[in-house]
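Data first, discussion second: the structure below is written as structure tokens.
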């Protein structure tokens, strides 16, 4: 299983499993740049804070995704994803979108852009 495939599996598992959370974090470079709603955020601590906010806002989530495919220039990989979940207030939701990722020479995720089809999906997560 590739780093990018492990990302989705570990993301979902890490909601209730600290070892899975540690394993998830280990997939990322300390210098990660991630993009939510077009806004860049930097560093592994910002990434960890984002993940914890997702888990505070939601009782449960589950991702499905298609194969990660290389971009035309070969610099990044993309996949379509879908997520269903139950928010902390008990309401349910679905969402889909695209992730764009780049790996560094060590095979760690150094860039991750989350592009939901609903641009308002992460409004509550940006600083």
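Observations, loosely collected:
- Over the residues of the chain, the helix contribution to mean residue ellipticity at 222 nm works out to -8000 deg cm²/dmol, using -39500 (n - 2.57) for each DSSP H run of at least 4.
- The chain - share of DSSP beta bridges that are antiparallel (%, nearest 5): 85
- Kirkwood Rh and Cα Rg combined as Rg/Rh, the stretch 3-116: 0.95
- Cα-based helix-to-principal-axis angle, 44-57 vs the chain, degrees rounded to 10: 30
- Ratio of Rg to Rh over the stretch 1-65 (Cα coordinates, Kirkwood Rh, two decimals): 0.94
- Relative packing of peptides 34-42, 5-13 - highest average C-beta neighbours within 10 Å first: 5-13, 34-42
- Cβ crowding within 10 Å ranks 15, 102 as 102, 15, fewest other Cβ atoms first.
- The angle between the Cα long axis of helix 3-13 and the main principal axis of the chain comes to about 10°, on a 0 to 90 degree scale.
Every number here is computed from the coordinates shown, using simple stated rules; none is lab data. Bear in mind the structure is a predicted one, so any value in this text is a computation, not a measurement. Backbone-built Cβ (ideal geometry, glycine too); neighbour counts: all protein chains shown.
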